[in-house]
Amino acid sequence: MERQVFGGEHHTGRPARPLMQAMWNGFLCKCPNCGEGKLFNGFLKVTPSCSHCGEEFHHHRADDLPAYLVVVIVGHVIVGAFMGFEATSTLSTWQHLAIWVPLTIAMALGLLRPTKGAVVGLQWALYMHGFGGEKDDAIDTHPELQAPN
């Protein structure tokens, strides 16, 4: 009996791309393919293509996933730290606000760009949304779904 393998290059006929390396390169705001070129033009604006290897990024569809992931991560860290700090100290409400609000904003802004880069790296590694050379059916048949630039 032949062993069945699901996913990776056995499933699609395409070579498997290194998932963790692509996500790490994206997290570092570098091209998921070569790890050399810049992934972003602005704070969250993804470049149309890599300046080093030419990989195209214009068709990525990160959408709201990076923001959701950042909310979950920052929420767990801040709420856990706040509760631990509250149990061991006697600070007033204003003192807590002065500590936790700026820390929450700084963490959220600091994680948003790397998280979006990791999501673009995930999409590239899994051949999602045009990264495999094929067209994304939803965008091609319904142009109004395309995200504004």
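FYI, it's all coordinate maths here, none of it is from the lab. This one's a predicted model, so the numbers in the text were calculated from it and none came from an experiment. Note that we place each Cβ from the backbone using ideal geometry, even for glycine, and neighbour counts take in every protein chain shown.
The modelled label-to-label distance for the pair L126/H76, using points 7 Å beyond Cα in the direction of Cβ, is 1.8 nm.
The length gained on full extension between A67 and N41, counted as 0.36 nm times the residue separation minus their Cα-Cα distance, comes to 7.5 nm. When the square roots of the Cα gyration tensor eigenvalues are ordered a ≥ b ≥ c, the ratio a/c for region 11-74 is 1.5 or more and a/b does not exceed b/c, which makes its shape oblate.
Pop the C-beta distance of L103 and H58 into the FRET formula with R0 = 30 Å and round what comes out to the nearest 0.05. So the FRET efficiency works out to roughly 0.30.
With 0.36 nm allotted per residue and the present C-alpha distance subtracted, the Q21-H96 stretch has 23.1 nm of extension available. For V46, the residues whose amide H sits under 5 Å from its own are N41, ignoring neighbours fewer than 5 places away on the same chain, with H placed 1.01 Å from N.
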